[in-house]
2 protein chains.
Amino acid sequence: MDAAGFIRRKRAGDAHTEGALRDFVVAAVAGTVPEYQLTAWLMAVMFNGLSVEETVALTRAFVYSGRRLSWPAELEPTVDKHSTGGVGDKVSLLLLPWLAATGVRMPKMSGRGLGHTGGTIDKLESIPGFRVNLEERELLAQLRDVGCADIAQSTDLVPADKLFYALRDATDTVERVELIVASVVSKKIAAGASCIVLDVKCGAGAFFPDIDAARAFAVLARKVAAAFDRRCSCVISAMDEPLGWAVGNALEVQEALQALRGIAFPADLIEVCATLGAVALVDCGMEADVHSGRQVMLKAFESGAVWERAQRWIAAQGGSLSGFAERLETLRDYRRIELWAESQGVVQRVEPRLIGELVRSLGGGRLRAGATIDPLVGVVCHAKVDAACNAGDLLATAYASAGDSRSDSEIRNALAAAYSLGSEKADPAAVVLEVLQAG
Amino acid sequence: MDAAGFIRRKRAGDAHTEGALRDFVVAAVAGTVPEYQLTAWLMAVMFNGLSVEETVALTRAFVYSGRRLSWPAELEPTVDKHSTGGVGDKVSLLLLPWLAATGVRMPKMSGRGLGHTGGTIDKLESIPGFRVNLEERELLAQLRDVGCADIAQSTDLVPADKLFYALRDATDTVERVELIVASVVSKKIAAGASCIVLDVKCGAGAFFPDIDAARAFAVLARKVAAAFDRRCSCVISAMDEPLGWAVGNALEVQEALQALRGIAFPADLIEVCATLGAVALVDCGMEADVHSGRQVMLKAFESGAVWERAQRWIAAQGGSLSGFAERLETLRDYRRIELWAESQGVVQRVEPRLIGELVRSLGGGRLRAGATIDPLVGVVCHAKVDAACNAGDLLATAYASAGDSRSDSEIRNALAAAYSLGSEKADPAAVVLEVLQAG
């Protein structure tokens, strides 16, 4: 492998062959191409990009760098779901039992939280007993019996992406759509489901700042997935305020459980889930269009079938809902910091990144992989954008551990920084901005 | 040091502060910024460049990464010389005793050959007994008594450049003028001479392919040197055929000695030396202009003072000219492969890169630092561009070791590939293309 020559091609703006990209990734994973050549190439890609063909080839090289799963034919249709990350994003907690209740199998692998966004595995682990590592036979049995499973990302899937991602993070070579697509899609291809739905979030709390960036990702992701004969649809959803009300691991599980039980209705959260489910049903060939898919989703929800499925799912993975209720009781020992409206007004903005960073700083997330988290801390946003409030109304509550070094007023100030009130009616954007169905 | 943020600035096209560049270089040399971040930054520089101020700051950070030499006032004027590298480039062998004979002190450090170009240290080491490492007191005494010295590049000068250069070589981040200038000028600043002359070679056998690239280097090098209060002049010289006749370590020393003795006259070599010497005399304030400087240089040469100085120099560093003559005798045991003209014609081209690569492949150079070389192998180009020849005339001779695995005809074919003959008169470009004097 002439790595310097490979780098030279990309710096000069020439295209790589599929074979050269494969050799480069193989050598990188084997360590025969050193990391300093890898990052020089990544930076050249930041400037000169990759063609669709090169992105497919890079994705394929990623997929073949590790183990590839496949599911028995009797489990079809199988659907996988991925979110590009947001604040208060508990979509998977609802969507897995929900789609399972409509007859789809959802074998999902999830990650942990990093930075200002959370991870589904951290959320599920706030349920006492919940096992995020299953033996293969347990996983297959659960998919057969319950229809869904969510386990921690296997370390032997797409090792190339782990290597590349860690280096991209350290070298400002993250924000190039071809590299993001190769990273996301390779993991979904290796995980083996035949249909893929991507929740592409955009806005202040998301990786993609605007709809153009989100759309560029969605368009390329669908093209690359198609090269692997996978149906891939994308839902572009707004992340200009936290999704739903709660941010924090146990608080988000609580919100999801209340929504599944029908005793709370976080409208934006339900809308994102119903839309993702609808496009999945279309991709699986179970529904003709998104409209009818949506009807099927909402009907399943109202029937109680989804809540029944959720209980079976959590129990199958060893989680105890009574244990979870007991754990939530211990929130009484936490400091409770409330933010009240100082005058009459309408909520104009709830900055998702500030809320996400506050929750992380309270101990609910991590800056470094492997750091310990406190599942109970978090924030509940009682008032969302466009809520009208009077002076003294409760806007948000933060739960901090007794040992947190900051004073209540410091934490309250952090909450207040995320909220803007005004006199005008605020116009919250629709949460689902665009749907790009598999071709 | 937030290296990722530092990389981000350059990727975004923003300028670095002097402090940030210094911190980055310090951390890189200390190893706290890993090489994979260094190369990502280098690649961002390939695309977004450095301003003159940034290049000065990078050069300064390089200079301060190691030991800095300074010369006692009584040794002034001191002149250092650097060549950007060519084939058959034995300029230093002549220029050191030549300028010393005019009253200038030349404390020079040189490198070894790598790739298709040679290094002065390899050439000097072909003289039996020649010591390329001197104690500091020996060096000072020699500068006082003889006026010149050439020693192997000290490892504690500009360690940052060593680190950066090795990584640039492996990541296709060599060819950016700001990085080249920082590398070259930092070493000259750290070596302490008050005047610097740069032999900037351009053409088929040089690092700079054309005069525009060479001029861009020269202009920036002078600006950066000026920021350190050094006078720096540049001579842009052609490298479209080997300089002089011989290519190979001992063969080049032999050619230089014959020129110094006045028994051979390689016109292009003499012209480059006289011009470099003339600008140095102007920069030192010893001559008013290049024309009078050139007269002084040529007069010293004709007087025999330069040859006398050369003998004292070689003896001072332990070299034995009789030992060298004996070593050259052993060339009789080498294979001698001759290339003759097949028909009447005029030499149109002598490809310097092909000659340089042939000499390296014969064992006269190295692909990897530290490899052993054979000082005696090489090529003598009897016919240079524009030479008229008849069928059967000798064009070039290669000297190969008896153990070389290639047949005579293979080596002859390699020689032949470098030569083009035609019927038209060839127009060799002037060897000195442009002189840029210190401002």
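Values quoted throughout were computed directly from the atomic coordinates according to the rules given, and no laboratory measurement underlies them. Because the structure is predicted, anything quoted here is derived from the model rather than measured. Virtual Cβ from ideal backbone geometry, glycine too; neighbours counted across all protein chains shown.
Odds and ends about this structure:
- Mean-square fluctuations from a GNM of chain A, with a 10 angstrom spring cutoff on Cα atoms, peak among A:Glu338, A:Glu178, A:Glu136 at A:Glu136.
- Rounded tilt (10° steps) of B:290-302 against the dominant C-alpha axis of chain B: 40 degrees
- Angle in degrees between helix B:136-145 and the longest Cα principal axis of chain B, rounded to the nearest 10: 60 degrees
- With q set to 0.14, 0.17 Å⁻¹, the log10 of I(q)/I(0) for the stretch B:191-296, from the Debye formula over equal scatterers at the Cα positions, is -0.66, -0.93.
- Nearest-first distances (nm) between copies at B:Leu394, label 7 Å from Cα via Cβ: 10.3
- Residues with amide H under 5 Å from that of A:Leu433, placed H, sequence gap 5 or more: A:Ile236, A:Ser237, A:Ala238
- The percentage of C-alpha pairs in the stretch B:61-178 whose separation is greater than 18 Å is 58%.
- For chain A, the Cβ-based charge dipole about the Cα centre amounts to some 780 debye (Lys, Arg positive; Asp, Glu negative; other atoms uncharged).
- Normalised by residue number, the volume inside the convex hull of the Cα atoms of the protein assembly as shown is 210 Å³ per residue.
- The stretch B:327-439 - percent relative contact order, Cα under 8 Å, separation 6 or more: 41 percent
- Positive dipole terminus of chain A, leading residue within A:Ala170, A:Phe6, A:Val431 (C-beta point charges): A:Phe6
- Interatomic Cα distance distribution for the stretch A:1-128, bins of 5 angstrom, percent: 2, 9, 14, 14, 12, 13, 14, 11, 8, 3, 0
- For the protein assembly as shown, the residue among B:Ala341, A:Leu95, B:Ala278 whose Cα projects farthest onto the positive side of the dipole built from Cβ charges is A:Leu95.
- In the elastic network of chain B, a GNM with C-alpha springs shorter than 10 Å, the most mobile of B:Met43, B:Met239, B:Met106 is B:Met43.
- Every helix of 4 or more DSSP H residues in chain A counts as -39500 (n - 2.57), and over all residues that averages to -14000 deg cm²/dmol at 222 nm.
- Working from the Cα coordinates of the stretch A:345-393, the gyration tensor eigenvalues give, after taking √(5λ), semi-axes of 29, 11, 6 Å in decreasing order.
- Across the identical copies, the 7 Å label point of B:Ala12, projected outward along Cα→Cβ, sits 3.3 nm from its counterparts, in ascending order.
- Between 0 and 90°, nearest 10: helix B:52-63 axis offset from chain B longest Cα axis: 80 degrees
- For the stretch A:244-385, the C-alpha radius of gyration sits at 1.23 times the compact-globule guess of 2.2 N^0.38 Å, with N the residue count.
- Couplings 3J(HN,Hα) of the stretch A:207-212, computed from phi: 5, 8, x, 9, 5, 5 Hz, in residue order, whole Hz [Karplus 6.51 cos²θ - 1.76 cosθ + 1.60, θ = phi - 60°; x for Gly and Pro].
- Residues considered: A:Leu94, A:Leu260, A:Leu69. Largest GNM mean-square fluctuation over chain A, using C-alpha springs under 10 Å, is found at A:Leu69.
- Dimensionless Rg over Rh [the stretch A:340-439; C-alpha; Kirkwood]: 1.07
- Relative contact order (%) - chain B, alpha-carbon pairs under 8 angstrom, separation at least six: 19 percent
- Whole-Hz ³J(HN,Hα) from phi, Karplus 6.51 cos²θ - 1.76 cosθ + 1.60, for the stretch A:100-106, glycine and proline x: 4, 5, 8, x, 9, 9, 10
- The mean sequence separation of alpha-carbon pairs under 8 Å and at least six residues apart, normalised by the residue count of the stretch B:205-351, gives a relative contact order of 21 percent.
- Centre-to-centre, using Cα atoms only, the stretch B:262-321 and the stretch B:1-54 are separated by 42 Å.
- The Cα atoms of the stretch A:143-226 define a convex hull whose projected area, averaged across directions, is 6.7 nm².
- Number of partner chain Cβ atoms within 10 Å, mean per residue of A:163-171: 3
- Farthest towards the positive end of the charge dipole of chain B, among the residues B:Ala246, B:Gly86, B:Trp313, is the Cα of B:Trp313, using unit charges on the Cβ of Lys, Arg, Asp and Glu.
- The fewest-to-most ranking of B:Ile127, A:Ile189 by surrounding Cβ atoms within 10 Å reads B:Ile127, A:Ile189.
- Whole-Å distance, taken between Cα centres, linking the stretch B:386-439 and the stretch A:128-142: 74 Å
- D (Stokes-Einstein, µm²/s), Kirkwood Cα radius, chain B, 1.567 mPa s at 4 °C: 58 µm²/s
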